[in-house]
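To keep things clear, I will list the structure first and then write my remarks on it.
Where a number appears in this text, it was derived from the coordinates with a stated rule and is not lab data. Nothing here was measured: the structure is a model prediction, and the numbers come from that model.
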Amino acid sequence: MSRIGRMPIAIPAGVTVELAENNKVTVKGPKGELSRVLPAEMEIKVEGEEVVVSRPNDLKKMKSLHGLTRTLIANMVKGVTDGYEKVLEINGVGYRAQKKGTTLVLSLGYSHPVEMEDPEGLTTEVKENTITVKGIDKEKVGQFAAEIRAKRSPEPYKGKGIKYADEVIRRKVGKTGKK
């Protein structure tokens with residue numbers, strides 16, 4: 001059995017989990033509502049105050065889908081109760097970010113400012129040299145944070161660029177002059 005897949009998902013107070021045909025799971029909570037169509041092979045049951053995922057057989061594909069399905073439902077439940085956030089840091093002289101309405105404006109050493117519109121369901125906050133992306137969908141939060149980072153990813157010599165707050169940049173030694 002999949003160690004992750006067989007663990008039941010506890011449903012906190014104030015959260016409802018509904019199942020529709022084709023394994024469409026809808027999770028409603030205090031922060032909002034998420035729905036997703038999960039693999040049809042998996043058997044999802046709501047038993048009292050927990051969700052249980054089981055698989056039909058022990059084929060390799062079913063084993064991998066088992067843990068995935070359980071984790072996706074658990075992430076949806078966590079998203080509607082607590083939400084997700086990613087923190088990015090901006091390093092570099094003259095690199096800065098500011099908020100104009102729902103638009104994030106980045107000055108990253110290019111000849112023009114980079115403007116990024118907040119996707120639906122996500123919010124961004126700017127404090128000094130940090131950008132915080134918040135939302136209830138873990139996938140969307142991670143994707144938008146990755147898109148912001150890709151505008152100027154950190155370089156290994158001086159560490160200039162946009163990096164995740166918990167990311168460690170492996171530094172390289174610069175050139176040395178010949179004698």
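Between Glu155 and Lys175, full extension at 0.36 nm per residue minus the direct alpha carbon distance yields a gain of 5.7 nm. Rounded, prolate or oblate, given the Cα gyration tensor of the stretch 1-51, with a/c below 1.5 counting as rounded? Note, shape of the stretch 1-51 comes out oblate. Residue-wise HN-Hα couplings along the stretch 75-83, as the Karplus relation 6.51 cos²θ - 1.76 cosθ + 1.60 with θ = phi - 60° gives them from phi, are 5, 5, 5, 5, x, 7, 9, 9, x Hz; Gly and Pro carry x.
Adding -39500 (n - 2.57) for every DSSP H run of four residues or longer, then dividing by how many residues the chain holds, sets the calculated 222 nm ellipticity at -6500 deg cm²/dmol. 3J(HN,Hα) couplings calculated from phi for the stretch 13-26 with the Karplus curve 6.51 cos²θ - 1.76 cosθ + 1.60 (θ = phi - 60°) are, in sequence order, 5, x, 10, 10, 10, 10, 10, 10, 5, 6, 6, 7, 9, 10 Hz; Gly and Pro show x. Taking amide H as placed 1.01 Å from N in the peptide plane, the amide H of Gly5 sits under 5 Å from that of Gly67, each at least 5 places away or on another chain.
Quick check on my link table: of Lys78/Lys172; Lys127/Lys158; Lys127/Lys151; Lys100/Lys140, which ones sit more than 30 Å apart, alpha carbon to alpha carbon? In this structure, Lys78/Lys172 lie more than 30 Å apart at Cα. Across the stretch 38-179, the relative contact order, built from alpha-carbon pairs under 8 Å that are at least six residues apart, equals 20 percent. For the stretch 85-96, the Karplus equation 6.51 cos²θ - 1.76 cosθ + 1.60, evaluated at θ = phi - 60°, returns couplings of 8, 10, 10, 10, 10, 10, 10, x, 5, x, 7, 8 Hz by residue, with Gly and Pro reported as x.
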